[in-house]
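**Q** Structure below; questions to follow.
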Amino acid sequence: MRIVVTGAAGLIGSAIVDRLAGEHAVVGVDLRAASQVDIVANCTDAAEWGRRIGALDAIVHVAALHAPHVGHRSDEEFRLANVEGTERLIDFGISAGAKAFVFTSTTSIYGNALEPNDRAAWIDEQVAPRPRDIYDETKLEAEELVASAGSSLTCTSLRMSRCFPEPAELMATYRLYRGVDRRDVAEAHALALDRKGPPATYVISAATPFHREDAEELLHSAPTAIERRCPGLIDRMAVKGWTPPRSIDRIYDASLAEHELGFRPRFGIEACLSGDWDPPPSR
Ligand SMILES: NC(=O)c1ccc[n+]([C@@H]2O[C@H](COP(=O)([O-])OP(=O)(O)OC[C@H]3O[C@@H](n4cnc5c(N)ncnc54)[C@H](O)[C@@H]3O)[C@@H](O)[C@H]2O)c1
């Protein structure tokens, strides 16, 4: 396939280009130059730079202003980049004959729905998003544009969880309930490109060992639930100097993506324990 990947210089986009490049003809687009970028341009100008590309099969739209930009960029800049940028890419995709559009969304759009009550919030596609900032709002608006893009495109939104480089202990424990490795994110995008059918949305996160019935215990005594579901894990974490979280407030459940896309996340806390990091932890 001939595939445009936006945000190709970024943390996620570069991993997606690397994953797809062996099998497909990939055109990386970004505001910034990088080895994965073929066209340095703005998504909002897709009608113009798109002419240079010609016909294509799919668009993977990763570029966005996101969480680190909140408070540093205006609401108008967020709307232009995340909503209008998406709209113009959809228009370009349709005119260039693309058959698939994969949008990198975020679990952040669940917003206030992530607040626990008497138990950890169990977050899957059935939970209604409750955006709490301009990032959440504009990603949700973009998802809605993608979902209504028309029958010529197979449209998929992937609500991915957190994968910033962070201290090792944090990144590792997040893989139990609210984090993901970007290699798994890239694989999810590759799987979504092959999907057929009406628009669909999936949560993408590392495989959680927890079950819904653990939610109350997770909030009040997370180590008890961790020891029951993953015997010996706490001792193995202790060897690294990592302590388990005392309380877990939400679980991202990617089981719909497992069933419908065949998503099998490979890089959970065991990969972290064995030193297999991507991206590497921060200090
Ligand atoms: N990193 C995470 O933990 C995380 C979690 C959930 C969702 N996401 C989503 O993943 C996507 C990428 O995040 P990332 O962490 O790789 O961010 P990043 O900042 O590393 O990469 C984003 C890239 O997009 C480019 N870009 C931004 N606006 C553009 C525009 N208008 N036109 C062209 N290029 C533009 C930037 O130059 C940058 O290279 C975003 O859509 C974000 O919402 C990321």
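The values are calculated or read from the model by the stated rules, or taken from the named source; none is laboratory data. Nothing here was measured: the structure is a model prediction, and the numbers come from that model. Counting neighbours? That spans all protein chains shown, and the Cβs are built from the backbone with ideal geometry, glycine included.
**Q** For residue 72, which of the numbered conditions (1) more than 10 Å from the ligand (Cβ to nearest atom); (2) of a type outside the set (A, V, I, L, M); (3) closer than 20 Å to residue 23 by Cα fails to hold?
**A** Status for residue 72: all satisfied but (3).
Residue by residue, here is whether (1) more than 9 Å from the ligand (Cβ to nearest atom); (2) part of a helix (DSSP H, G or I); (3) farther than 17 Å from residue 9 by Cβ; (4) in contact with an Asp or Glu (Cβ under 7 Å, 6 or more places away or on another chain) holds:
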site: 45; (1), (2), (3), (4): no, yes, no, no
site: 50; (1), (2), (3), (4): yes, yes, yes, no
site: 59; (1), (2), (3), (4): yes, no, no, no
site: 65; (1), (2), (3), (4): no, no, no, yes
site: 77; (1), (2), (3), (4): yes, yes, yes, no
site: 90; (1), (2), (3), (4): yes, yes, yes, no
site: 93; (1), (2), (3), (4): yes, yes, yes, no
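**Q** Only one of (1) crowded, with 17+ Cβ neighbours inside 10 Å; (2) assigned to a loop (DSSP other than H, G, I, E, B) fails for residue 54. Which number is that?
**A** Every listed condition holds for residue 54 apart from (1).
**Q** Of all residues in the range 119-148, count the ones that are small (Gly, Ala, Ser) and surrounded by 22 or more Cβ atoms within 10 Å (Cβ to Cβ).
**A** Within the range 119-148, the first condition is being small (Gly, Ala, Ser), and the residues that meet it are 120-121, 128, 142, 147-148.
Those left that are additionally surrounded by 22 or more Cβ atoms within 10 Å (Cβ to Cβ): 120, 142.
So the answer is 2.
**Q** Next question. Among the residues in the range 112-126, are any within 19 Å of residue 85 (Cα to Cα) and without any contact (Cβ under 8 Å) to a residue 12 or more places away in the chain?
**A** Residues of the range 112-126 within 19 Å of residue 85 (Cα to Cα): none.
The answer is no; no qualifying residue exists.
**Q** Can I ask one more? Testing residue 58 on (1) under 21 Å from the mean Cα position of the chain (by Cα); (2) more than 17 Å from residue 157 (Cα to Cα); (3) not hydroxyl-bearing (Ser, Thr, Tyr), one condition comes back false. Which one is that?
**A** Status for residue 58: all satisfied but (2).
**Q** When you go through 140, 170, 158 one by one, which is the residue that is touching a His at 6+ places or on another chain (Cβ under 9 Å) and modelled with pLDDT of 95 or more? Steps first, please.
**A** Working: 140 fails: touching a His at 6+ places or on another chain (Cβ under 9 Å); 170 fails: touching a His at 6+ places or on another chain (Cβ under 9 Å).
One residue alone meets the criteria, 158.
**Q** Can you go through 266, 283, 212, 236 and tell me which one is surrounded by fewer than 17 Cβ atoms within 10 Å (Cβ to Cβ), in contact with a Phe, Trp or Tyr (Cβ under 6 Å, 6 or more places away or on another chain) and not aliphatic (A, V, I, L, M)? Spell out the reasoning first.
**A** Details: 266 fails: in contact with a Phe, Trp or Tyr (Cβ under 6 Å, 6 or more places away or on another chain); 283 fails: in contact with a Phe, Trp or Tyr (Cβ under 6 Å, 6 or more places away or on another chain); 236 fails: in contact with a Phe, Trp or Tyr (Cβ under 6 Å, 6 or more places away or on another chain).
The conditions single out 212.
**Q** Now for a different question. Report, ordered by the first and then the second residue, all pairs with beta carbons closer than 8 Å, sequence separation of six or more or different chains, a first member in the range 129-147 that is among the acidic types (Asp, Glu), and a second member that is surrounded by fewer than 20 Cβ atoms within 10 Å (Cβ to Cβ) and outside any helix (DSSP H, G or I).
**A** 133/70; 137/131; 143/201
Yes/no per residue for (1) among the basic types (Lys, Arg); (2) more than 21 Å from residue 29 (Cβ to Cβ); (3) more than 16 Å from the ligand (Cβ to nearest atom):
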residue	(1), (2), (3)
96	no, no, yes
99	yes, no, yes
110	no, yes, no
114	no, yes, no
122	no, yes, yes
134	no, yes, no
138	no, no, no
